[in-house]
1. Net charge around residue 127, counting only other residues with Cβ within less than 12 Å of its Cβ (Lys, Arg = +1; Asp, Glu = -1)?
2. For a protection proxy built on the mean count of beta-carbon atoms within 10 angstrom, sort 84-95, 58-69 highest first, please.
3. What residues qualify as long-range amide H neighbours of residue 49, i.e. H under 5 Å apart, gap of 5 or more or another chain, H built at 1.01 Å from N?
4. Residue-wise, which Karplus ³J(HN,Hα) couplings in Hz belong to region 34-39, taking 6.51 cos²θ - 1.76 cosθ + 1.60, θ = phi - 60°, and x for glycine or proline?
5. When ranked by the protection proxy of mean other Cβ atoms within 10 Å per residue, highest first, what sequence do the peptides 121-127, 45-51 form?
Amino acid sequence: MKLGLQHFKIINPLSQIIKPTTKQLSTARVNALLLNVPRVQISDGKNNYLLLMIHLHGKTRYGRTIVRGTGSKTHEEIFAEVMDEMDDIGICTKSLGGGFIDNKEKKKKIKIYGCCKTYGEAPHGRTKDILLAWTKFKDFDINVAKYKK
């Protein structure tokens, strides 16, 4: 069966309807991929921490800010670990800075302070807001100490 010009007149409007729907589905998948990444992962006790932006390069207009910290690794090791984890699922990672989080879970107190020599000082107020939005830390007393240069 040959397709004539009259068939293309019918198919062309259909392609305009189908393309945006396909694009919306891929955007929904992209957003779901970012939302599946836990927003906060910190240990009990004193943590080196990084505030990180994750996004899908060329797919998302905005990224998602996450907090990662542990007492047993340096800032550089934390970044390398998160970057490897995100690369495996196709997500780009950018450091927004770092510092320290003293997490006293039993007392429900957190102190955010200091500066990372490699990535600079994180906006600790933003880190505090993310922690307070996280269910586990919403009832914690969270203090941000000013870094003295």
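The numbers here are math on the coordinates, done by the rules we state, and not lab data. Keep in mind that this is a model prediction, so the values were computed, not measured. Cβ coordinates were reconstructed from backbone atoms using ideal geometry, including for glycine residues, and neighbour counts include every protein chain displayed.
1. Counting the neighbours of residue 127, the net charge comes to +3.
2. 58-69, 84-95
3. Close amide H contacts, sequence-distant or interchain: 99, 100, 101.
4. 5, 5, 6, 7, x, 6
5. Ranked by mean Cβ neighbours within 10 Å, highest first: 45-51, 121-127.
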